[in-house]
1. Stretch residue 73-residue 188 to full length: gain in nm at 0.36 nm per residue minus the Cα-Cα span?
2. Taking the Cβ-Cβ separation of residue 5 and residue 195 as r and a Förster radius of 25 Å, what is the calculated FRET efficiency to the nearest 0.05?
3. Mind giving me the FRET efficiency for residue 65 and residue 91? R0 is 41 Å, r the Cβ-Cβ distance, nearest 0.05 is fine.
4. Out of segment 51-85, which trypsin sites (Lys or Arg not before Pro) are coil in DSSP terms and have no more than 13 other C-beta atoms within 10 Å?
5. I need the phi-derived Karplus couplings for segment 87-97: 6.51 cos²θ - 1.76 cosθ + 1.60, θ = phi - 60°, integer Hz, Gly and Pro marked x.
6. Based on the alpha-carbon gyration tensor of the chain and its eigenvalue square roots a ≥ b ≥ c, which shape applies: rounded if a/c is under 1.5, prolate if not and a/b is larger than b/c, or oblate?
7. What are the GluC sites (Glu not before Pro) within segment 62-165 that DSSP puts in a loop, where the Cβ has at most 15 other Cβ atoms within 10 Å?
8. Cross-chain or 8 or more residues apart, Cα under 15 Å: how many lysine pairs in segment 10-250 fit that? Count them up, please.
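What follows is calculated from the coordinates using simple rules that are stated; it is not laboratory data. Every value quoted in this text rests on a predicted model; they were computed, and no experiment measured them. No Cβ is skipped: glycine too gets one built from the backbone with ideal geometry, and neighbour counts run over all protein chains shown.
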Amino acid sequence: MPETTALPAYTPPPQALAGRVMLITGAGDGIGKAVSITCGSLGATVILLGRTVRKLEKVYDAILEAKGPKPAIYPMDLAGATAQHYAELADNVDKEFGRLDGLLHNAAHLKALSSIENSDPQDWALSFQVNLHAPYLLTRACLPLLRKSEDASLVFTGAAEGRQGRAYWGAYAASKAAADCLMEVLAEELEATPNVRVNSIDPGPTRTRLRQAAYPGKNPSSHKAPEAIAHAYVYLLGPESRDHNGTRFTINDA
């Protein structure tokens, strides 16, 4: 199993992300929602990317209620987005903000656990589209914006199933393993660009729709709430993690 590093306990100071521009995918729900609201409350201008405008609007309102800077909403369905869509997104961000200081690949797809023999080829393709191809295309489009930042952080979302294959996790495990490998490739390619760092974070079992899809019979309250781990993401997206590059981080449940 590839080596991982436990994230340290971290309590960000007020306005820890002041002046930073963050793009977060899957921002309408679960971890993406919690991290977006937390980043906004700490002074970041957050670009909320997700499929459902209604959910993004609720996150938008929550950030304003937390006295954060006015966020931006960018509706996009990663399942069908093309390279041209990502190029247009990057162009719009460049015109509006001029740079990106943080990019969190949080959106993920998991329909249900299934054996390889009984898996749906279309769902397999969709898992790779959302969990791997979308982060690749979005990163490719946004790298020039990250390079414009004095201190930029690119964060992938990892998973234990991507480090050690497990029965019935098929497409999700394989796509997450590939995404972590992509993170490491980018980290090495950007070693000569010290103002841009690349890492991944495995949140562990968390109270999300994806976890409920994997374990429909399990009580959701047995898992930690997304809000409980938001500061770990702030650590990676903010200035405190600038000495890390190419690291697979995990969050301890203890």
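1. Between residue 73 and residue 188, full extension yields an extra 38.2 nm.
2. Between residue 5 and residue 195 the formula returns 0.70.
3. Efficiency computed from Cβ-Cβ geometry: 0.85.
4. Passing sites in segment 51-85 are 67.
5. Values, residue by residue: 5, 5, 4, 4, 5, 5, 5, 4, 5, 7, 10 Hz.
6. rounded
7. The qualifying sites are 117, 150.
8. The result is 7.
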